[in-house]
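J.: What follows is a single structure, and I will ask about it in a moment.
The values are calculated or read from the model by the stated rules, or taken from the named source; none is laboratory data. Every value quoted in this text rests on a predicted model; they were computed, and no experiment measured them. With ideal geometry, Cβ positions are generated from the backbone for all residues, glycine too; neighbour counts draw on all protein chains shown. Note: accessible area is taken over every heavy atom of the protein model, side chains too, but ligands, DNA and RNA are not part of it. Shrake-Rupley method; radii C 1.70, N 1.55, O 1.52, S 1.80 Å.
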Amino acid sequence: VQVAESGGALVQPGGSLRLTCAASGSDFSIETMSWYRQAPGNERELVGQITRTGFTDYATSVKGRFTISRDDAKKMAYLQMNSLKPEDTAVYSCRVSYYSPRYDYAWGQGTQVTVSA
């Protein structure tokens, strides 16, 4: 399974951005799709995730501003980010857990999000 993120960009504070995570391969079923981010000098942190049943949970720092959704037919997940702040600047990566048939997971390369005036 391969994972690719897209949609990163430079955006002004208060702006919005939508990131896309696309999983590809053969004969696999996706379980959970998670978004992580890592800012320079910081450890990678979990932004939020969505399970196969549609359950979502988010980091406290993004709750109410970010929304995760998924399209199982397209094997994609989305991270809608609103009211962006400079502290949201980071490389955002997608992690996809799946069965094929055994349980495994794959990471994407990440996409840069920069929030600056």
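J.: How do the pairs read when you match residues in the stretch 97-117 that are assigned to a loop (DSSP other than H, G, I, E, B) with residues anywhere that are of a type in the set (Asp, Glu), using Cβ under 9 Å and keeping only pairs 6 or more apart or on different chains?
T.: As it stands, the answer is Ser100/Asp27; Pro101/Asp27; Gly108/Glu5; Gln109/Glu5; Gly110/Glu5, since those pairs meet every condition given.
J.: Same structure, new question: Across the stretch 1-33, which residue is surrounded by the most Cβ atoms within 10 Å (Cβ to Cβ) among those that are aliphatic (A, V, I, L, M) and farther than 30 Å from Ala117 by Cα?
T.: Met33
J.: Within the stretch 81-109, which residues are surrounded by 14 or more Cβ atoms within 10 Å (Cβ to Cβ), of a type in the set (S, T, N, Q) and within 17 Å of Ser6 (Cα to Cα)?
T.: Asn82, Thr89, Ser93
J.: Okay, moving on. Do we have Thr51 as at pLDDT 95 or above and open to solvent by less than 30 Å² (accessible area, probe 1.4 Å) here?
T.: No; evaluated as a whole, the condition is false for this residue.
J.: If you scan the stretch 12-55, which residues turn out to be more than 19 Å from Trp107 (Cα to Cα) and not in a loop (DSSP other than H, G, I, E, B)?
T.: Leu17
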